[in-house]
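Okay, structure first, notes after.
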Amino acid sequence: MSDIIDVIRNRQSTRAYTGKLVDNNLLEKILEAGRLSPSARNTQPWTIYCTSRKEVIDKLGAGFAAIGRNLFVKDCGAFIAIVEEPLPEELKMHRRYAEFDIGMCIMQICLEAESLGVSSCILGSYDEDSVKTVLGIPKDKSVAMVIALGYASDPTVRPKARKSFDEAIKII
């Protein structure tokens, strides 16, 4: 098992895939990491939709092609869509935490995928109606984010352009 910092260092947004489908056993482990993600007051404000069926990936890829964005997804090996669920009306929260909670869920999914040798790319640009139609997501729901998963056609880890430790971190 790798140290988590090694997984974090190696995880990158992959935009070129081999087309090999992600095995369902691996997908279940990846999805379990998302399901176990923390959330404010344990609200778990998400439903996670997933597919590794080629015909569904092709339809999703066509939806991305129609808007001219993320054209590489046609070759990915699985898709995950995170749908934001409303909080119960009786639950009063002083802040809106769902976006943070879903972000943590997404990151746990991506890190678990990386730890299993599966690459990922978090997609912010997509035709929401197309994603809903293809995945059978109810029209009244909101797709928070889509993740492409698969096997990188070039697994070389690119250098990370990040602020230096001293620029980013202030220890008081």
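The values are calculated or read from the model by the stated rules, or taken from the named source; none is laboratory data. Quick caveat: nothing in here was measured; it's all calculated off a predicted structure. Note that each Cβ is placed from the backbone with ideal geometry, even for glycine, and that neighbours are counted across all protein chains shown.
Of the residues making up region 137-149, those that are surrounded by fewer than 18 Cβ atoms within 10 Å (Cβ to Cβ) and in contact (Cβ under 8 Å) with a residue 12 or more places away in the chain are 141, 142. Name the one entry in 139, 170 that is closer than 30 Å to residue 87 by Cβ and either assigned to a loop (DSSP other than H, G, I, E, B) or of a type in the set (Gly, Ala, Ser) (or both). The match here is 139.
In this entry, residue 18 passes the filter for residues that are touching a helix residue (DSSP H, G or I) at 6+ places or on another chain (Cβ under 8 Å), under 21 Å from residue 153 (Cβ atoms) and polar (S, T, N, Q).
Taking the criterion of being loosely packed, with under 13 Cβ neighbours inside 10 Å and of a type in the set (Lys, Arg), would at least one residue in region 59-73 satisfy it? No, there is no match, as no residue in region 59-73 is loosely packed, with under 13 Cβ neighbours inside 10 Å and of a type in the set (Lys, Arg). The helices (runs of 4 or more DSSP H) found wholly in region 1-95 and carrying at least 1 residues that are aromatic (Phe, Trp, Tyr) occupy 54-67. The single condition among (1) more than 15 Å from the chain's Cα centre (by Cα); (2) buried (at least 17 other Cβ atoms within 10 Å of the Cβ); (3) among the polar types (S, T, N, Q) that residue 25 does not satisfy is (2).
Checking each residue in region 117-129 for being surrounded by fewer than 17 Cβ atoms within 10 Å (Cβ to Cβ) and either hydrophobic (A, V, I, L, M, F, W, C) or assigned to a helix (DSSP H, G or I) (or both) picks out 122, 128, 129.
A Cβ distance below 9 Å, combined with a sequence gap of six or more or placement on separate chains, defines the contacts here; from region 48-75, residues that are over 24 Å from residue 138 (Cβ atoms) reach residues that are surrounded by 12 or more Cβ atoms within 10 Å (Cβ to Cβ) and of a type in the set (Val, Ile, Thr) in the pairs 65/73; 72/14; 74/57; 75/18; 75/57. Taking the criterion of being closer than 30 Å to residue 18 by Cβ and either in a loop (DSSP other than H, G, I, E, B) or of a type in the set (Val, Ile, Thr) (or both), the residues of region 96-116 that qualify are 102, 106, 109, 116.
For (1) in contact (Cβ under 8 Å) with a residue 60 or more places away in the chain; (2) in contact with a helix residue (DSSP H, G or I) (Cβ under 6 Å, 6 or more places away or on another chain); (3) among the small types (Gly, Ala, Ser), each residue gets a yes or a no:
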residue	(1), (2), (3)
127	yes, yes, no
131	yes, no, no
134	yes, yes, no
151	yes, no, no
154	yes, no, no
157	yes, yes, no
161	no, no, yes
165	no, no, no
168	no, no, yes
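Consider region 28-43 and keep the residues that are modelled with pLDDT under 95 and loosely packed, with under 15 Cβ neighbours inside 10 Å. The one that is nearest to residue 132 (Cα to Cα) is 42.
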